[in-house]
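The values are calculated or read from the model by the stated rules, or taken from the named source; none is laboratory data. Since this is a predicted model, take the numbers as computed values, not measurements. Note that we place each Cβ from the backbone using ideal geometry, even for glycine, and neighbour counts take in every protein chain shown. We work out accessible area using only protein heavy atoms, side chains counted, and drop any ligands, DNA or RNA first. Shrake-Rupley method; radii C 1.70, N 1.55, O 1.52, S 1.80 Å.
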Amino acid sequence: MMKDIATPQRTKEILNKYGFSFKKSLGQNFLIDTNILRNIVDAANITERTGVIEVGPGIGALTEQLAKRAKKVVSFEIDQRLLPVLKDTLSPYDNVSIIHSDVLKANIQEVIDEQFKDVEDLMVVANLPYYVTTPILMKLLEGHLPIRGIVVMIQAEVADRIAAKPGSKEYGALSIAAQYYATAEKVMTVPATVFVPQPRVDSAVLRLNIREEPAVNVEDETYFFKVFHACFANRRKTILNNLVHNLGPKEKKQEIEAALQEADVDPKRRGETLSLEEFAKLSDALLKRLA
Ligand code: SAM
């Protein structure tokens, strides 16, 4: 029996065999701990009927553990140098497809339609490249994809921001954007020692369970996103000041004040104290007056 890819020794052998050098610019930090991988796969509740989309397979450490449990795994890898490596390391598994593509440019819905006709449910599972964590997560969430959830290794600090509750210092536009589409929880924190090379930041596994319906009802989703982003443009400013300076024409101050009153939000509050429900009410009240 071949040893798992994610052991320090086998990883070293694979890297040496192919003379592979890490590209920092591509966020290449590979996992070398099978226990952590098992925890990630467990957190995703994968069965033999589950389809999995992976971002960035690297040399296949996580892909292998997913392939052992899932019906099918499709992985997007941007680095062409890894294609021959993956062909070799994943040769024992006939349920894995590698797509050579930047996931941010890929048509994920099309891939789902083509590759996952016969699965019962669909999960995204990945050890993400940290330089593009937020754009990748937002693409997956905003794409209205037919996925049950997302389990990802990301920077601990970003996991904290995504899962943050109103009133905490981590709570901001990213928390609201993610929690609009999904419930978010930090599953575990992970030490840098389980990666080669070791990242300079702490890491964590985050689970997002996609909601059947968004958390709140709004008249206009795009406007709602504009409103809460404006409210966090300057964290030290009050909600009124942020809206006046970052949402619409400044001469609309009176309309903004009226909208805050209608939504029952004190203009002196700061964005970090508002719940999703309050942002939704405020967005609809502003839309009536400003849009
Ligand atoms: N899954 C492997 C593991 O856990 O050992 C590797 C994870 S490593 C943190 C991130 C991987 O994402 C690398 O293989 C990198 O080449 C790839 N990657 C970086 N940017 C990407 C992008 N925009 N689209 C797809 N893959 C990307």
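The table for this structure:
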quantity	calculated
Any chance LEU282 is more than 25 Å from ALA163 (Cβ to Cβ), among the hydrophobic types (A, V, I, L, M, F, W, C) and over 22 Å from the mean Cα position of the chain (by Cα)	no
Selection count, region 23-45, where residues are open to solvent by 40 Å² or more (accessible area, probe 1.4 Å), more than 9 Å from the ligand (Cβ to nearest atom) and assigned to a loop (DSSP other than H, G, I, E, B)	2
Some residue of region 248-257 being closer than 22 Å to ARG161 by Cβ and either buried (at least 16 other Cβ atoms within 10 Å of the Cβ) or within 30 Å of the chain's Cα centre (by Cα) (or both)	no
Filtered residue count, region 46-63, keeping only those that are more than 10 Å from the ligand (Cβ to nearest atom) and either touching a residue at least 24 places away in the same chain (Cβ under 8 Å) or buried (at least 23 other Cβ atoms within 10 Å of the Cβ) (or both)	7
Residue tally, condition under 16 Å from THR189 (Cα atoms) and away from the ligand (no atom under 12 Å from the Cβ), over region 145-165	10
Filter result for ALA61 (of a type in the set (Gly, Ala, Ser), modelled with pLDDT of 95 or more and in contact with a Ser or Thr (Cβ under 6 Å, 6 or more places away or on another chain))	no
Identity of the residue in region 166-217, in a helix (DSSP H, G or I) and within 16 Å of the ligand (Cβ to nearest atom), that ends up surrounded by the most Cβ atoms within 10 Å (Cβ to Cβ)	VAL194
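Results for (1) of a type outside the set (Val, Ile, Thr); (2) touching a residue at least 60 places away in the same chain (Cβ under 8 Å); (3) out of contact with any Gly (no Cβ under 6 Å at 6 or more places or on another chain), shown as yes or no for each residue.
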site: SER75; (1), (2), (3): yes, no, yes
site: LYS87; (1), (2), (3): yes, no, yes
site: ASN95; (1), (2), (3): yes, no, yes
site: ASP118; (1), (2), (3): yes, no, yes
site: VAL125; (1), (2), (3): no, yes, yes
site: THR133; (1), (2), (3): no, no, yes
site: PRO146; (1), (2), (3): yes, no, yes
site: GLY149; (1), (2), (3): yes, yes, yes
